[in-house]
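Single-structure report; data block below.
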Number of protein chains: 2
Amino acid sequence: MMPPLVPRWPAWLFCWRAACIQGASVRQRMWVGPSRIPGLGGPRGAWGTSPVAPRGSCSASSRAPEVTLTPERYPVRRLPFSVVSEDDLAALEQVVPGRVVTDPEELEAPNLDWLRTVRGSSKVLLRPRTTQEVAHILRYCHERNLAVNPQGGNTGMVGGSTPVFDEVILSTALMNQVLSFQDVSGVLVCQAGCVLEALSQYVEERGFIMPLDLGAKGSCHIGGNVATNAGGLRFLRYGSLRGTVLGLEVVLADGTVLNCLTSLRKDNTGYDLKQLFIGSEGTLGVITAVSILCPPKPSAVNVAFLGPPHPCREGPSSPPCPPGLLGPPRLPAHRRPCSASGCPGFAEVLQTFRTCRAMLGEILSAFEFMDAECMKLVRLHLGLSCPVQESPFYVLIETAGSGPGHDAEKLGCFLEQALDSGLVTDGTLGSDERRIKMLWALRERITEALSRDGYVYKYDLSLPLDRLYDLVGDLRARLGPSAKHVVGYGHLGDGNLHLNVTAETFSASLLGALEPYVYEWTAGQRGSVSAEHGLGFKKKDVLGYSKPPEALQLMRQLKALLDPKGILNPYKMLPTHA
Amino acid sequence: MMPPLVPRWPAWLFCWRAACIQGASVRQRMWVGPSRIPGLGGPRGAWGTSPVAPRGSCSASSRAPEVTLTPERYPVRRLPFSVVSEDDLAALEQVVPGRVVTDPEELEAPNLDWLRTVRGSSKVLLRPRTTQEVAHILRYCHERNLAVNPQGGNTGMVGGSTPVFDEVILSTALMNQVLSFQDVSGVLVCQAGCVLEALSQYVEERGFIMPLDLGAKGSCHIGGNVATNAGGLRFLRYGSLRGTVLGLEVVLADGTVLNCLTSLRKDNTGYDLKQLFIGSEGTLGVITAVSILCPPKPSAVNVAFLGPPHPCREGPSSPPCPPGLLGPPRLPAHRRPCSASGCPGFAEVLQTFRTCRAMLGEILSAFEFMDAECMKLVRLHLGLSCPVQESPFYVLIETAGSGPGHDAEKLGCFLEQALDSGLVTDGTLGSDERRIKMLWALRERITEALSRDGYVYKYDLSLPLDRLYDLVGDLRARLGPSAKHVVGYGHLGDGNLHLNVTAETFSASLLGALEPYVYEWTAGQRGSVSAEHGLGFKKKDVLGYSKPPEALQLMRQLKALLDPKGILNPYKMLPTHA
């Protein structure tokens, strides 16, 4: 009855403990490198069966149907900016010779967001290489009253990085130089257009890691990460960019260069101006360089993916097991309170988090969750296989620490406790680089799977932990068959729910059923209607659900102070109506 | 020849390792509670021989000679604010009945900084209890053009919390209520006047700690901590308040209440307005409530104080050992490369830090250093005893973690490595609450010892690690006998040097020898002329050494936007001259 490759509980735990005591490394691995998404660095996923392309470039022009222009879908009117003229193009060619892009085909991708939900009609994209070139461009556009759309990797979730009308696109793609790295302090200084994954590789070769990690790492630019105050997968451990970004260089709307590119951990001289630009989504200035504190690279990383056993081990109708999934280590299959549920409900997920945080302490580096619908979609659209039996929820736990034996022992104790108390009944552990990437891919590629499921209505909410998942169930009941899928996943350790609803195509009636309901529900919990994605174009009008009128007023004043003509990323972040 | 209570190297290391292997807790302790300064919670120091009073109230009126009024010592002119009239007092009495203080004796302490370096002449102090009272006060003062000096614990280092002329003092002392605490997330929401130590006690009883810790904890207010972006002793581990403060409630200059008191870890809805007020030293608004993320309380804390053996164990002329110092654990006395040097130079201190960070990783919670002159002063003025033999430098290392056995093993391995490589040759470890407090007192009470040495010229610099101590030597040579003491200590792990010079009394010529030399030297290293103390009144004119003119310009614009009449904490933070 027992598959030969599945160690049962006592043998497994014995092995684990033995490894800990002897200082062996059976269940921990060395740091595996930057990319957790199979395919982002290669032609196809190591586990999945579908080719994967980086965000920001995958969805440009080839696929039908064409995306509706933003002003045709959303009620937005062009503000009275100037229109780019031939004279303007000639003048800009003087600033960035050979790097003024006007070819309509080349402009298709940067006019469209990777989710294929908003599309602008910009006629020109500029590719500066230096801060001075950015300053010249902005000075010119400011004088000419030309609107400017700063763009990094174009991986945003809220339509913040694509033009709404004909804004000049200012791309940071060629500003991709590392300026300095201090190998004692771990301070990296680089241009804004460096791709996060490339930076990760760079600092890992020097014994450090980037303090942030995102599914979009293969495409997103560090300047864009900072401009949107990106959260991501390491937030739980290393905190916000507001703490890890040490300095910024920013070009203001009128072309003034604001050099606050310090590399010091502490600097209390005057107002911390860089904070104005972190998370301001390009509406207050264009970030041209970033100084960021990188934590030392952990010497050991473990990943546990928790849930009941894979169906292929249990039921007669199970599909054949994919190769490579059955290797050690796996948690035991017995002790399940009932055969169908590993985490029988969200309350158990929360209790697992509490237990985990208490027992893993300072080595806990991620606590992610996804529901059964997410698993269904990554299976369906990406060909990924669930490594454990079906369950209403799945949990991914990562530890990162400096003592491989200690970390393994702590994780083992936690898992034993979680099993003994019935919080989880099965799971699988990452024991090598490939397996850890596979486990992370299940969580990281949900966004990609959703985008293949149809039009996606995306909500990124901060909520009190005990209510984090309630809205998902509410919405399933509310929407019924009008939605294709309603899924919930996210950074549970940060109180951050990614709630996504898919449908075959965009539908105003479905949108009407979702909004303002989702926002009102969130506001009722004193939550945030944008935890980490920002507001961009698509969420700008819901700011008031999370901030009082006095705050909106002050934000408008700040915008007016820093960008009096409003040329920087217009139609974004601040609500249309006063 | 060997004192009976000092285990030598092999026996000690054997014990340490045995404890680690067996999971015993010989060299680690449970968390010891909030106060590391002996005497701040009681009548006298547990180790020292001098009574200690909390900052902010110790130096008021009783001690001679009287401190010179600020405008008599510094070139500053009163701005054309109104003067508080009898009608004003009557109106304010309506707002905070029974809490309008005008008694000259009662006003002496809040008019004077605890370092006795600046003194104002305010005629009225207000003690609101609620945000609404603060709003009424500011609305009134704004209308009447009365300048306002917000004041928390009055523990600042740069004259930022005392009036310069006759500003109305707005005290947060009665705003000391905890508003909520979430025991799952560790989010504390409280009024701005809560004393840091009281908050520490509150959250520790619930299994958490405050993310910051200061020598002034017994007096300072959390609102003041946030307003100055205080760094302190846990910065290395838990980072800046810019990351751990989740929300603020602030009253603007005109009385508008800005409620951004969220308890969410992530919230990317609009500009992060609270960042404007963190570190703005009361010049942009008055913080009335704080939401802050508290980390879980570590289950084990270890402290190592490193240096050569105590003289009483070695030389014939050593003083008698103070009682209580000789208990275990101590590091062994042999293996010294030469008898007089434990950390023979600063290069060894830096290498100790690198080794320590690599080997202790995520459990390292503090790496502090002090030079021999500091030790001399805490001995001389506070009666503290050096627990190890004299050395040019001393290092205090703290670990805090969730696995007592693991932590002890990691620390043991590090110490063994540091000893084997000759970086340090002796030291002592904290093995119980009292001892750990004693060891921390050596570092935390340096400020107090300095203040008893005479007039103190204080500099709080961020510098590149490899140049961190160079300026101290430079200054000793430069100043010669005109300075009583030139000392260097601080948060080495954060690149933060506290450079202090003492003299019998204030001397303009000594000041002239120090400034702008110190600032120019620091600017030459691209350092910060205020790492964590802020600028306040005394440092406001040196902002330009660390920030470019474009930044100063934007700071002035922000001040004008938020406080157009300039009534909030005038004469502070921004330079006098344009």
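The values are calculated or read from the model by the stated rules, or taken from the named source; none is laboratory data. Fair warning: this is a prediction, and the values are worked out from it, not measured in the lab. Glycine gets a Cβ as well: all are built from the backbone with ideal geometry, and neighbour counts include every protein chain shown.
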Practice item. Could you check B:Asp432 against (1) acidic (Asp, Glu); (2) in contact with a strand residue (DSSP E or B) (Cβ under 9 Å, 6 or more places away or on another chain); (3) crowded, with 21+ Cβ neighbours inside 10 Å and say which number it fails? Key: (3)
Point to revise | Residue match in segment A:447-459 (condition: within 14 Å of chain B (Cβ to nearest Cβ) and either more than 16 Å from the chain's Cα centre (by Cα) or not acidic (Asp, Glu) (or both)) | key: yes
Review point. Can you tell me which of A:Ala304, A:Ala253, A:Ala289 is within 30 Å of A:Ser385 (Cα to Cα) and in contact with a strand residue (DSSP E or B) (Cβ under 8 Å, 6 or more places away or on another chain)?
Key: A:Ala304
Check your understanding: Going by the structure shown, is B:Ile363 surrounded by 24 or more Cβ atoms within 10 Å (Cβ to Cβ) and more than 14 Å from chain A (Cβ to nearest Cβ)?
Key -> no
Study note, to complete from the structure: A:Ser291 passes all but one of the listed conditions (1) within 23 Å of the chain's Cα centre (by Cα); (2) surrounded by 24 or more Cβ atoms within 10 Å (Cβ to Cβ); the exception is number (2)
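Among what's in segment B:260-282 and is out of contact with any strand residue (DSSP E or B) (no Cβ under 8 Å at 6 or more places or on another chain) and polar (S, T, N, Q), pick the residue that is nearest to the other protein chains (Cβ to nearest Cβ).
Here the answer is B:Gln275.
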Study note, to complete from the structure: Residue set B:Leu360, B:Leu380, B:Leu350; condition in a helix (DSSP H, G or I), of a type outside the set (Val, Ile, Thr) and within 18 Å of B:Val486 (Cβ to Cβ); output residue B:Leu380
Check your understanding: If you go through segment B:90-109, how many residues are assigned to a helix (DSSP H, G or I), of a type outside the set (Asp, Glu) and in contact (Cβ under 8 Å) with a residue 40 or more places away in the chain?
Key -> 5
Exercise for review: Identify, from the list A:Leu510, A:Leu535, A:Leu543, A:Leu554, the residue that is in contact with a strand residue (DSSP E or B) (Cβ under 9 Å, 6 or more places away or on another chain), aliphatic (A, V, I, L, M), over 21 Å from B:Glu249 (Cα atoms) and buried (at least 18 other Cβ atoms within 10 Å of the Cβ).
Suggested key: A:Leu510
Review point. If you check A:Glu398 against the conditions, is it within 14 Å of another protein chain (Cβ to nearest Cβ) and outside any helix (DSSP H, G or I)?
Key: yes
Practice item. Could you tell me which of the residues A:Leu497, A:Leu552, A:Leu558 is more than 18 Å from A:Gly159 (Cα to Cα), more than 10 Å from every other protein chain (Cβ to nearest Cβ) and hydrophobic (A, V, I, L, M, F, W, C)? Key: A:Leu497
Review point. What are the pairs, 6+ residues apart or on separate chains, where a residue within segment A:113-134 that is modelled with pLDDT of 95 or more and surrounded by 23 or more Cβ atoms within 10 Å (Cβ to Cβ) has its Cβ under 6 Å from a residue that is of a type in the set (Gly, Ala, Ser) and not in a loop (DSSP other than H, G, I, E, B)?
Key: A:Leu125/A:Ser171
Point to revise | Whichever residue in segment B:545-578 is assigned to a loop (DSSP other than H, G, I, E, B) and among the basic types (Lys, Arg) and, among such residues, is farthest from the chain's Cα centre (by Cα) | key: B:Lys565
Exercise for review: Output the number of residues of segment B:143-181 satisfying the condition of being assigned to a loop (DSSP other than H, G, I, E, B), hydrophobic (A, V, I, L, M, F, W, C) and buried (at least 23 other Cβ atoms within 10 Å of the Cβ).
Suggested key: 6
Practice item. Would you be able to say whether some residue in segment A:138-154 is modelled with pLDDT under 95 and of a type in the set (D, E, K, R)? Key: no
Practice item. Name, by its number, the condition in (1) in contact with a Phe, Trp or Tyr (Cβ under 6 Å, 6 or more places away or on another chain); (2) modelled with pLDDT under 95; (3) assigned to a helix (DSSP H, G or I) that does not hold for A:Val542. Key: (2)
